[in-house]
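Here the structure comes first, spelled out in structure tokens, and everything after it is commentary.
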Amino acid sequence: MIIPNYIPITAEQYDQLTTSDPDDAVGLVFVWMEEQANGPGTDIDKDADDLAAGLNEETTASAVSGKTLLCQDPPLLVATPEETPAMAQALASASVKDEELATSLETLADFYASTAAQGHAVAIIYN
């Protein structure tokens, strides 16, 4: 099973990713993930698929599983700095009944809120 890793990226890094070759973009994200230069990333382990399936609104599901695909293998998706606040708000107002999924939802909502407050974008890389 592949697990999504959520990484905060600056607007400049977002631009760099979207203008890079897919393989180069993946390499950059792994470097940024390791450096945590923009703050810590997060993952919700194996709950991502179940959480995305349990959320009805498109914005909320996109926050979990990704918005714009940059690379197929490994999957790398991004959300712009402008999309991130809407995703943070959608996650904050979402709810799920399963307690384990609720914890994952809260983790992801906190991550997006922090990332949006800094004006950053989000990269999601699956590995």
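The values are calculated or read from the model by the stated rules, or taken from the named source; none is laboratory data. These numbers were taken from a predicted model, which means no experiment stands behind them. For neighbour counting, all protein chains shown are included, and Cβ atoms are generated from backbone atoms with ideal geometry for every residue, glycine included.
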Handout entry: Residue match in segment 98-109 (condition: at pLDDT 90 or above, assigned to a strand (DSSP E or B) and of a type outside the set (A, V, I, L, M))
Key = no
Restricting segment 63-87 to residues that are in a strand (DSSP E or B) and not aliphatic (A, V, I, L, M), the one nearest to Ala121 (Cα to Cα) turns out to be Thr68
Residue under question is Thr10, and the condition is that it be of a type in the set (Ser, Thr, Tyr) and touching a helix residue (DSSP H, G or I) at 6+ places or on another chain (Cβ under 8 Å); does it hold? no
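Results for (1) touching a strand residue (DSSP E or B) at 6+ places or on another chain (Cβ under 7 Å); (2) surrounded by fewer than 17 Cβ atoms within 10 Å (Cβ to Cβ); (3) more than 17 Å from Gln13 (Cα to Cα), shown as yes or no for each residue.
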site	(1), (2), (3)
Lys67	yes, no, no
Cys71	no, no, no
Leu76	yes, no, no
Glu100	no, yes, yes
Leu105	no, no, yes
Ala116	no, no, no
Checklist entry - Is there a residue in segment 51-61 that is closer than 15 Å to Ala79 by Cα and exposed (fewer than 14 other Cβ atoms within 10 Å of the Cβ)? => result yes
When Ala86 is run through (1) at positive phi; (2) without any contact (Cβ under 8 Å) to a residue 60 or more places away in the chain; (3) not charged (D, E, K, R), the failure sits at (1)
Just one listed residue, out of Val31, Val26, is modelled with pLDDT of 80 or more, among the hydrophobic types (A, V, I, L, M, F, W, C) and touching a Leu at 6+ places or on another chain (Cβ under 7 Å), and it is Val26
Pairs returned, first residue in segment 55-76 that is closer than 24 Å to Asp21 by Cβ and at pLDDT below 80, second residue that is crowded, with 18+ Cβ neighbours inside 10 Å and basic (Lys, Arg), beta-carbon separation under 7 angstrom, 6 or more apart or interchain, are none
So, Ala90, is that one of a type in the set (Gly, Ala, Ser), buried (at least 19 other Cβ atoms within 10 Å of the Cβ) and part of a helix (DSSP H, G or I) or not?
yes
Among the residues of segment 29-50, is there at least one that is of a type in the set (Lys, Arg) and either outside any loop (DSSP other than H, G, I, E, B) or more than 14 Å from the chain's Cα centre (by Cα) (or both)? yes
